[in-house]
1. Could you please state, rounded to a whole Å, how far the C-alpha centre of segment 14-64 is from the C-alpha centre of segment 282-332?
2. Provide the net charge surrounding V82, with neighbours chosen by a C-beta distance below 12 Å and charges set as Lys +1, Arg +1, Asp -1, Glu -1.
3. Per residue of the chain, what 222 nm ellipticity follows from adding -39500 (n - 2.57) for every DSSP H run with n ≥ 4, rounded to the nearest 500?
4. Could you grab the relative contact order for the chain? Cα pairs under 8 Å, six or more apart, rounded to a whole percent.
5. On the full set of protein chains, 1.4 Å probe, figure out the accessible area of T113 and give it in Å² to the nearest 10.
6. Name the helices (complete DSSP H segments) of the chain with a Cα length along the long axis of 24 Å or more and a Kyte-Doolittle mean of at least 0.0, or state none.
7. Have a look at N263, N52, N327 and tell me which one the Gaussian network model of the chain (Cα, springs below 10 Å) gives the largest fluctuation.
8. Of the heavy-atom accessible surface of the chain (probe 1.4 angstrom), what whole percent is carbon and sulfur?
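The values are calculated or read from the model by the stated rules, or taken from the named source; none is laboratory data. All figures in this text were calculated on a predicted structure; none of them were measured in a lab. In this analysis, Cβ positions are derived from the backbone assuming ideal geometry, glycine residues included, and neighbour counts consider all displayed protein chains. What goes into the accessible areas is simple: the full protein's heavy atoms, side chains included, and nothing from ligands, DNA or RNA. Shrake-Rupley method; radii C 1.70, N 1.55, O 1.52, S 1.80 Å.
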Amino acid sequence: MFDKLSRYLIPIAGKLNNNRYLTVLRDAFMLSFPLTIFGSIFVVLTNLPFLNKLMSDSAISSFQSMFGIASSATMGIMSIFVVFGIGYYLSRSYEVEAVFGGAIALVSFLLLTPFVLQPEQGDMVTGVIPVDRLGAKGMFLGMITAFIAAEIYRKVIQKNITIKMPPGVPPAVAKSFAALIPALITLTFFLLVNVIVTQVFNTNMHDVIYKAIQAPLVGLGSGIIPTLIAIFFIQILWFFGLHGQIIINSVMDPIWNTLQVENLNAYTNGEPIPHIISKPFMEIYTVGMGGTGMTLAVVLAILVFMKSKQMKQVAKLGLGPGLFNVNEPIIFGLPIVMNPLIAVPWIISPMIVTLVSYFSMASGLVPPPTGVTVPWTVPVFINGMMATNSIAGGILQLVNMAIVFVIWFPFLKIIDRVNMKKEEEEEVNKAS
């Protein structure tokens, strides 16, 4: 069975992992990572659950007003960073001037963005950009626009349709003139698209893409069934020694990140959090409990209950990294990769834990993640509290670790007995 799976999955996974566009998309989201961490820190600080015991309502309001800009200027306009990142990294992958590729992609996106705010009540305001167009609502249009803009830009350059300056001209000036014609062609294309959409169809590309593509995909990605399918493939790919997160997340991250931004917007506005599944949910309640497969519980089970010297040595090596959600010593040392005895708990336990987490939040026992970005290396329980702004989030992780322990235990005992038998035979051979 595993031979057949590897025959089909490994080539597909290799293509996904080496796909230029998915790699660019992953790198573009990582560009925004330190910025979203900054914004998330201040969201946590301004929404601590015990603030009302330390400060008056007016003081809390002033405190949140002063530091709320940290979130608005980072996660609130995350589409800008992603658009620039796509233009930059895609241009760089084609070995053309990357900074101009990023700038042209960003301006192309802004050309399709309405500079109009229409309140529910009151007159239309022109000359402003609604912030939601630069955040979650504009994410998919931004990604599509950035890819197309960078492709047009690099094709024009590679066809050598550029202005060439004499050798004595400073490099910065020469590069600016070299990008002039590609920029004119690319930006004119998007300007014409905007004119057609706004004047002929009396709408804008943001609304078109949001209704036709983003809303259906986000609705699908926020469901538990697609999430379980994604986790299944992550675990399967890791079983064959392939980095499941990099491969699957490169496809799913645009959806999960959009859900995260929508959650954060609702949370900072004092509204109910709309989605359970989001990027923080996937980080905190899968990877955030000892690494992929939630193996911190496995490490503890080995150290406390198993007798094999080999297993205990691997567990000792894996405990330190596992506390910070790094578990390659366990994946490759136990080993988990290509080990049929471990395939069942390795695949099943994350899916069961995800179901438990989902329904705990859906039932209201545990609040869903607020949308803040918590670094994936933050230890278990602490990251659960930070992600949900509630101690219940950390307690849920401990319950999940107990579930992983119960699922893994009988399989670990089998491996322990096999290893103990081998170790005893080796000692007998040495004695003789």
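1. For segment 14-64 versus segment 282-332, the Cα centre distance is 28 Å.
2. -1
3. -22000 deg cm²/dmol
4. Details: 621 pairs, mean separation 62.2, N = 432.
So the answer I get is 14 percent.
5. Approximately 10 Å² of T113 is accessible to the 1.4 Å probe.
6. 139-158, 244-268, 340-362, 391-431
7. N52
8. Working: 14140 of 20610 Å².
Here it works out to 69 percent.
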